[in-house]
1. Name the single residue that is modelled with the highest pLDDT among those in segment 53-80 being outside any strand (DSSP E or B) and crowded, with 17+ Cβ neighbours inside 10 Å.
2. Return the residues of segment 84-94 that are under 12 Å from the mean Cα position of the chain (by Cα) and either assigned to a loop (DSSP other than H, G, I, E, B) or of a type outside the set (Gly, Ala, Ser) (or both); say none if nothing qualifies.
3. When you scan segment 122-138, do you find a residue that is loosely packed, with under 13 Cβ neighbours inside 10 Å, under 18 Å from the mean Cα position of the chain (by Cα), in the same structural domain as Glu64 (by TED's automatic domain parsing) and not aromatic (Phe, Trp, Tyr), even just one?
4. Which of the strands (runs of 3 or more DSSP E) contained wholly in segment 95-172 include at least 2 residues that are without any contact (Cβ under 8 Å) to a residue 60 or more places away in the chain and of a type in the set (A, V, I, L, M, F, W, C)?
5. So, in segment 83-108, of the ones that are among the small types (Gly, Ala, Ser) and surrounded by 14 or more Cβ atoms within 10 Å (Cβ to Cβ), which residue ends up modelled with the lowest pLDDT?
6. Against the definition (modelled with pLDDT under 80 and either closer than 20 Å to Leu155 by Cβ or not charged (D, E, K, R) (or both)), how does Ser44 come out, yes or no?
7. Which one of these does His116 not meet: (1) on the phi < 0 side of the Ramachandran plot; (2) at pLDDT 90 or above?
Amino acid sequence: MRATEACAWPLALAALAVVPTAMAAGSAPAGAELAPRVAASASSAPANPAGGPRLRIVAVRGIELRGQQARIDLVLQVRNPGGWKLSLDDIRFHCSFNGTATARGRSTADLNLPAHGSADVPVRVDVDAAALLQVLATLTPDGLVRYRLDGDAELAHSLLRIPFHEQGNVALRLR
């Protein structure tokens with residue numbers, strides 16, 4: 001088999017696997033039906049499908065107050081719970097601490113997670129200082145706060161986004 005034929009086979013098989021119903025219907029070209037079907041399946045997907053990434057904040061490395069704005073350096077752990085490699089291009093999220101919407105963040109690092117693997121990703125987020133001070137004013141002596149991450153991750157080079165909703169506890173202290 002020539003090299004060009006070897007490359008064409010996986011693409012042809014992927015096309016058959018992705019659009020079998022469009023080809024069977026015979027009414028419209030496969031490409032015409034693919035986009036709406038992908039969008040519909042993505043919007044009806046569960047909040048955190050078994051194969052999607054799992055995120056948690058593992059550390060707050062620093063908080064810097066600057067007038068009306070503040071900056072928080074977070075370390076996110078991104079886990080792949082699935083039994084196959086997971087490649088992500090972009091992770092976008094909203095973060096709240098103790099129920100107060102605090103930050104919006106984004107990591108554009110390319111992540112290639114092996115099956116059941118994980119990676120730590122540093123993320124710097126700018127936040128409203130008043131919202132952060134509200135959270136800091138109610139800290140318990142151990143500094144633990146309840147966080148919630150809501151966002152989505154883009155599968156590598158696909159434009160398909162997988163939503164996630166995660167929560168946990170993390171120590172939040174001024175340094």
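1. Asn80
2. Leu86, Leu88, Asp89, Asp90, Ile91, Arg92, Phe93, His94
3. yes
4. Ranges flagged: 100-107, 118-128, 144-155.
5. Across segment 83-108, the extreme among qualifying residues is Ala101.
6. Against the criterion (modelled with pLDDT under 80 and either closer than 20 Å to Leu155 by Cβ or not charged (D, E, K, R) (or both)), Ser44 qualifies.
7. The number of the failed condition is (1).
The values are calculated or read from the model by the stated rules, or taken from the named source; none is laboratory data. These numbers were taken from a predicted model, which means no experiment stands behind them. Neighbour counts are summed over all protein chains in view; Cβ atoms, including those assigned to glycine, are modelled from backbone coordinates with ideal geometry.
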